[in-house]
Amino acid sequence: MYIFEAIKKKLHLFQINLSLVAVPIIAIDGVIENKVQLPCDIRSNNNDEISMVLWYKEGRDEPIYSFDVRGRRQYSNARLWSSPSALGPRAFFVTATNPAHLSIDRLESTDEGIYRCRVDFRNSPTRKQRMNLTVIVPPSKPVILDGATKAIWGLEERYNEGSDVNLICEVRGGKPPPKLTWYLDNTVIDESYHYDTQGGLTVNHLAYPKIGRQHLQARLICQASNTNLVPPQTRLLVLEMNLKPLIVQILTKETRVSADKNYDVECRSSGSRPNAVITWWKANKPIINKEINNYPIQNNQSLSILSFIPTIEDDGKYLTCRAENPAIPDSALEDKWRLDVQYQPVVNLRMGETLNPDDIKEGDDVYFECIVRANPKVYKLAWFKDGKELKNNSTAGVVLSDHSLVLQGLTRYSAGAYTCLAANSEGKTASNPVSLQIMYAPVCKEGKSEVVVGALKQETVSLVCSVESHPAPLTFHWTFNNSGELVEVPHSRYSHVSAPGTPDGQKEYQQFRGFRLNYTPATEMDYGTVACWASNQVIAAGRPYALHNCSATEMSAPLDMEELGTKSGTGLVVRCLEGYDGGLPIHSYQLEVVSDEDGGPILLNKTVPAGSNGPTFEVAGLTTGRSYRLFLYAINAKGRSEPAILEPVTLKGVAMYTTGEYI
């Protein structure tokens, strides 16, 4: 009996060991701090009822959990037990699922191991199931470092267009060690990580070359994962980028512009991020101008407006609009506008380079050069002397050709201020005047070889030796001739004229600069010809003054008389001839009408200015049949002449009266 029981017990142990060997192990993964389900199939092939379910963990002899429905208990009323030293309240057996499972909450790393589920049926053999629970520890959150400085980068990092991205992604911990992968948006770009067993650090170096504007706002993701049971750990970096300008364009390129006129020049740039900095340049030099206004526009566009006033010197130069992103080296783009500046002619007149302007004499030839700078070209070139236009006249020695003026056979009348005038579609411009001085001998300034001067006896007259010459006269001297002999006037009697004018009581004739002689005739022998002689480097010339006794002027008799108002017989018209003026011009005439009676009063006093045809008087208000005496006077600067007398004059009421004595 005992031998049989012993054999039976050994056989049972053998069967158990054999069954353990035959039961496969199911691998179960669970994530620490998460829930895990250990499956246990409690179904039988013949619908046999279970009595008890026991859970064991390798390394423990006693069960760690039991589910007891013996005595035909309902599953909901089963007796549950969980070892406090094992799973405790974190374990709960669930039968409502297929298969049933042991749920373990808040999984701990010590929960890892091989678990065994034993199901005891009422009649059927016991079923045993084994499973290997692996507790997975997720890695920490990745950290992104700069590849050069090892500084930790934030969510958004800015790169220049065309630069390389060098980043390091690091993650610590993880059981098993995680895979570390770089994604560009949803595309894997780098899976080359390595694990440092000593530091427990997983590292992936990313080298992404030459990013472009298509990567703006792209997402770089470093992902660490060692299980599919929980989401991977990730670190996101958004690529913020500095972009180069794509386009720069001057919008208002005029075909031609006018000098000194204001233009608003617009330049637009697009494509830069942030907005491009727009600067203006002229002839490769920056324009520093307060009249530059910059405006940001949507969609990475910039607008700059330059208030520009072109000058003559700008013609042919380039106006440049430059757009650049200062954060990106060599990012500048330029648009150039070649300026066609149109302007009024700029005219400069000069005498021929081979000529000496201080040594030009009568008979010489000279030429002038009119230097013109103009855009567009001039269509007219004119020459002027003292404001009067010159015409081509080879006979008179005036030759015009292209931009030069030639004067042949100069005379002193060729002297003056010469200018040239050029005209184009922008306007016309006169040149600077060039003075032409002609050297010639002294000549009388009035253009007369003799001047008659009237003087009373004991009257001092101031005679001025006024001559024209170039250069100025060097010497002067005076002579006197009264038809007897020619004598030199002593130097003590004349002086240099520093300004026009004479002292009170003296009369100066021909008020021009020169030498003055104060002369006082005392007798008839002091009247004659006083001559002035002047000389310069060219030659000498003289000027005589004829002195005349102007004590009385002469008045000629009337030419005729005509009675006025033939019906009423109340007036006369008196016409007279001019007599000798005494050496001084007559400026007026006077008529006095007196009754023929002795000592009669002056009935009429009338003065008329001198004219070219002699004086004419109209006398009205006379009585027919009554006799009158008419006194006529000529008046000059020295006084009134002796009268010419008409007497007797009687109005008869018929046609014109004449008197044979005065006709």
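List of remarks:
- Each DSSP beta bridge with both residues in segment 22-136 is either parallel or antiparallel, and the antiparallel ones are about 80%.
- Ranked for footprinting exposure by Cβ neighbours inside 10 Å, fewest first, Glu324, Glu389 give Glu389, Glu324.
- The packing ranking of peptides 296-307, 149-160, highest mean first, is 296-307, 149-160, where packing means the average number of other beta carbon atoms within 10 angstrom of each residue.
- Coupling constants for segment 143-160 follow from the phi torsions by the Karplus curve (6.51 cos²θ - 1.76 cosθ + 1.60, θ = phi - 60°), and in residue order they are 10, 9, 10, 5, x, 9, 8, 6, 6, 6, 8, x, 5, 10, 10, 9, 10, 7 Hz; glycine and proline get x.
- In Hz, Karplus ³J(HN,Hα) per residue of segment 65-75 (6.51, -1.76, 1.60; θ = phi - 60°; x = Gly, Pro): 7, 9, 10, 10, 10, 4, x, 6, 6, 6, 4
- Highest-first arrangement of 526-533, 186-193, where packing means the average Cβ count within 10 Å: 526-533, 186-193
- Euclidean distance of C-alpha centroids, segment 308-350 and segment 43-111, integer Å: 92 Å
- Order of Ser85, Ser425, Ser44 under a 10 Å beta carbon neighbour criterion, fewest first: Ser85, Ser425, Ser44
- Exposure proxy ranking for Thr607, Thr523, based on other Cβ atoms within 10 angstrom of each Cβ and starting from the fewest, stands as Thr523, Thr607.
- Built amide H within the under 5 Å cut-off of Asn242, gap 5+: Tyr159, Asn160, Glu161
- Over segment 205-326, Cα pairs under 8 Å with separation of 6+ residues give a relative contact order of 25 percent.
Any read-out appearing in this document is the output of simple, stated calculations on the displayed coordinates, not a laboratory observation. These numbers come from a predicted model, not from an experiment. A quick note on method: Cβ atoms are made from the backbone with ideal geometry, for glycine too, and the neighbour counts reach across all protein chains shown.
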